[in-house]
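The values are calculated or read from the model by the stated rules, or taken from the named source; none is laboratory data. Bear in mind that the values here come from a model prediction, so they are computed numbers and not experimental data. We place every Cβ from the backbone using ideal geometry, glycine too, and count neighbours over all the protein chains shown. Remember, those area values only see protein heavy atoms, side chains included, never the ligands or the DNA or RNA. Shrake-Rupley method; radii C 1.70, N 1.55, O 1.52, S 1.80 Å.
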Amino acid sequence: MNASFVLNLIEYAQTRGIDKKLIDDEIPNLPKNWHSDNATVKVEDFYKIVSLIQKSLSEDGLGIRIGNFFNLQALGLIYQISLQSSSITEAFHYLKNFATIAFPFLQLTVYISQTDAKILILADNQFVKENTIVLESIMTIISRELTLMADIDLKIIKTSPNVTADYPPDWQFGEFYSLSFTPNILKAALQDRTKQQLEFLVPAFMKLMESYKEDETFCTKTKLMALHLAKPELPNLETVADAFYLTPRTFQRRLSSENQSFRFIIEELRKEISSNLILHKRFSITDITYILGYSEPAVFIRSFKKWFGNSPDRMRNITALI
């Protein structure tokens, strides 16, 4: 199966504090060059990693947290799908092709009527316990992809046999793993999303993530988690705390032990991201304000002046002359 997905899974494990040596000892034949087009991982080895994570992080909704961690990596794919899709049928065609290539053990069935659309996901193998994590993470990724194809709030109901009271409200108990929504909403909203310029935004985020990977502090892991959870706007404290399966109070105590705060971390990320985005006039000040999670442009402009000593517009004019 696709090695890049497995690499992201290992990165999630490390971000959650699992020693990579445990994974290397469990699966000694992992690819040397993860980014090669020909890099693959045996399905059995993939499930060994899932099992190791499951044993190390025994918690409800773990698959959802893993799926959310992969959102940023999925954005590039979402962009390509949405550019090519002009109908629901096309969108599902590209989505199904991606899922079956990336996860060859998946069976993905699509049902579409005038009033309902449902995606049924099945993994027909012997890894019953691990499939709770695998299928719920894949459902989370697919749900995010469908949502980003629309310019309005697309309500997607996800069902799983493992849903508990701790699951998000858009998850319901059901006999099968499935996603369902009203197809007319997606049909009306499906559009070319070039205005978001994800072809630039994703590499910018990925470059930031690469620069943090060698640092093992909890502060750095928090930065990595926040970048992974960006949609593309940065997440709030509660979202990041939940990704670590911590209460907000415990999460803040962990940061305080390193003399850091979530507010400071987000401000540092905003500064770094804005220094990239301001160089590209395709992003308006309003666009950058939204991506960075500020309430209004005036608040962003004040922060920008504090960081760089110039307004965003003046900085753009200066860089244009260089």
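Suppose we filter segment 110-144 for residues that are open to solvent by less than 20 Å² (accessible area, probe 1.4 Å), under 13 Å from Ile88 (Cβ atoms) and not in a strand (DSSP E or B); how many remain? Break it down into steps so the answer makes sense when it comes.
Going through segment 110-144, the residues open to solvent by less than 20 Å² (accessible area, probe 1.4 Å) turn out to be 117, 119, 121, 123, 131, 133-143.
Of the ones still in play, those that are also under 13 Å from Ile88 (Cβ atoms) are 117, 119.
Those still in the list that are not in a strand (DSSP E or B) too: none.
Qualifying residue count, segment 110-144: 0.
It is to be established whether one or more residues within segment 221-231 are open to solvent by 50 Å² or more (accessible area, probe 1.4 Å) and either assigned to a helix (DSSP H, G or I) or modelled with pLDDT under 80 (or both).
Applying the first criterion (open to solvent by 50 Å² or more (accessible area, probe 1.4 Å)) to segment 221-231 yields 231.
If we keep only those that are either assigned to a helix (DSSP H, G or I) or modelled with pLDDT under 80 (or both) too, we end up with 231.
Yes, the conditions are met somewhere in segment 221-231.
What number of residues within segment 4-29 are part of a loop (DSSP other than H, G, I, E, B), among the aliphatic types (A, V, I, L, M) and either out of contact with any helix residue (DSSP H, G or I) (no Cβ under 7 Å at 6 or more places or on another chain) or in contact (Cβ under 8 Å) with a residue 60 or more places away in the chain (or both)?
Here is the first cut: in segment 4-29, the residues part of a loop (DSSP other than H, G, I, E, B) are 16-19, 27-29.
If we keep only those that are among the aliphatic types (A, V, I, L, M) too, we end up with 18, 27.
After this cut, where a residue has to be either out of contact with any helix residue (DSSP H, G or I) (no Cβ under 7 Å at 6 or more places or on another chain) or in contact (Cβ under 8 Å) with a residue 60 or more places away in the chain (or both) as well, the list is none.
The total comes to 0.
Report every pair of residues separated by at least 6 positions or lying on different chains whose Cβ atoms are under 6 Å apart, first residue within segment 48-71 and in contact (Cβ under 8 Å) with a residue 12 or more places away in the chain, second among the aromatic types (Phe, Trp, Tyr) and surrounded by 19 or more Cβ atoms within 10 Å (Cβ to Cβ).
Pairs that qualify, where the first residue is in contact (Cβ under 8 Å) with a residue 12 or more places away in the chain and the partner is among the aromatic types (Phe, Trp, Tyr) and surrounded by 19 or more Cβ atoms within 10 Å (Cβ to Cβ), are Ile66/Tyr12; Phe69/Tyr12.
Just to be sure I understand, how many residues within segment 145-167 are at pLDDT below 90, among the β-branched types (Val, Ile, Thr) and assigned to a loop (DSSP other than H, G, I, E, B)?
Within segment 145-167, residues that are at pLDDT below 90, among the β-branched types (Val, Ile, Thr) and assigned to a loop (DSSP other than H, G, I, E, B) number 1.
May I ask you to list the residues in segment 258-277 that are within 25 Å of the chain's Cα centre (by Cα), modelled with pLDDT of 90 or more and open to solvent by 10 Å² or more (accessible area, probe 1.4 Å)? Break it down into steps so the answer makes sense when it comes.
From segment 258-277, those within 25 Å of the chain's Cα centre (by Cα) are 260-277; that's our starting set.
Still in the list and also modelled with pLDDT of 90 or more: 260-271.
Passing the criteria: Gln260, Ser261, Phe262, Arg263, Phe264, Ile266, Glu267, Glu268, Arg270, Lys271.
Residue-by-condition table, conditions (1) open to solvent by 40 Å² or more (accessible area, probe 1.4 Å); (2) within 28 Å of the chain's Cα centre (by Cα):
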residue	(1), (2)
Leu279	yes, yes
Asp287	yes, yes
Tyr290	yes, yes
Glu296	yes, yes
Ile301	yes, yes
Gly309	yes, no
Pro312	no, no
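Please work out which residue is nearest to Ile121 (Cα to Cα), limiting yourself to segment 152-180 and to residues that are among the hydrophobic types (A, V, I, L, M, F, W, C) and surrounded by fewer than 17 Cβ atoms within 10 Å (Cβ to Cβ). Give the derivation first.
Of all residues in segment 152-180, those among the hydrophobic types (A, V, I, L, M, F, W, C) come to 152, 154, 156-157, 163, 165, 171, 173, 176, 179.
Then drop every residue that is not surrounded by fewer than 17 Cβ atoms within 10 Å (Cβ to Cβ), which leaves 152, 154, 157, 165, 173, 176.
Working: Ile152: 25, Leu154: 20, Ile157: 14, Ala165: 22, Phe173: 15, Phe176: 8 Å.
Here the residue is Phe176.
What are the residues in segment 1-42 that are modelled with pLDDT under 80 and among the charged types (D, E, K, R), if any?
Lys32, Asp37
Check segment 269-292 and report whether any residue there is under 30 Å from Glu59 (Cα atoms) and free of Cβ contacts under 8 Å to residues at least 12 places away in the same chain. Give the derivation first.
Let us first name the residues in segment 269-292 that are under 30 Å from Glu59 (Cα atoms), namely 269.
Remaining after also requiring free of Cβ contacts under 8 Å to residues at least 12 places away in the same chain: none.
Among the residues of segment 269-292, not one is under 30 Å from Glu59 (Cα atoms) and free of Cβ contacts under 8 Å to residues at least 12 places away in the same chain, which makes the answer no.
Do you know which of the residues in segment 68-103 that are surrounded by 15 or more Cβ atoms within 10 Å (Cβ to Cβ) and not in a helix (DSSP H, G or I) is modelled with the lowest pLDDT?
Restricting to residues being surrounded by 15 or more Cβ atoms within 10 Å (Cβ to Cβ) and not in a helix (DSSP H, G or I), the top hit is Ser85.
Can you give me the ranges of the helices (runs of 4 or more DSSP H) entirely in segment 252-322 with at least 2 residues that are closer than 15 Å to Ala230 by Cβ? Lay out the reasoning, then the answer.
Numbers: elements: 262-277, 285-292, 297-308, 312-321.
By residue number, 262-277, 285-292.
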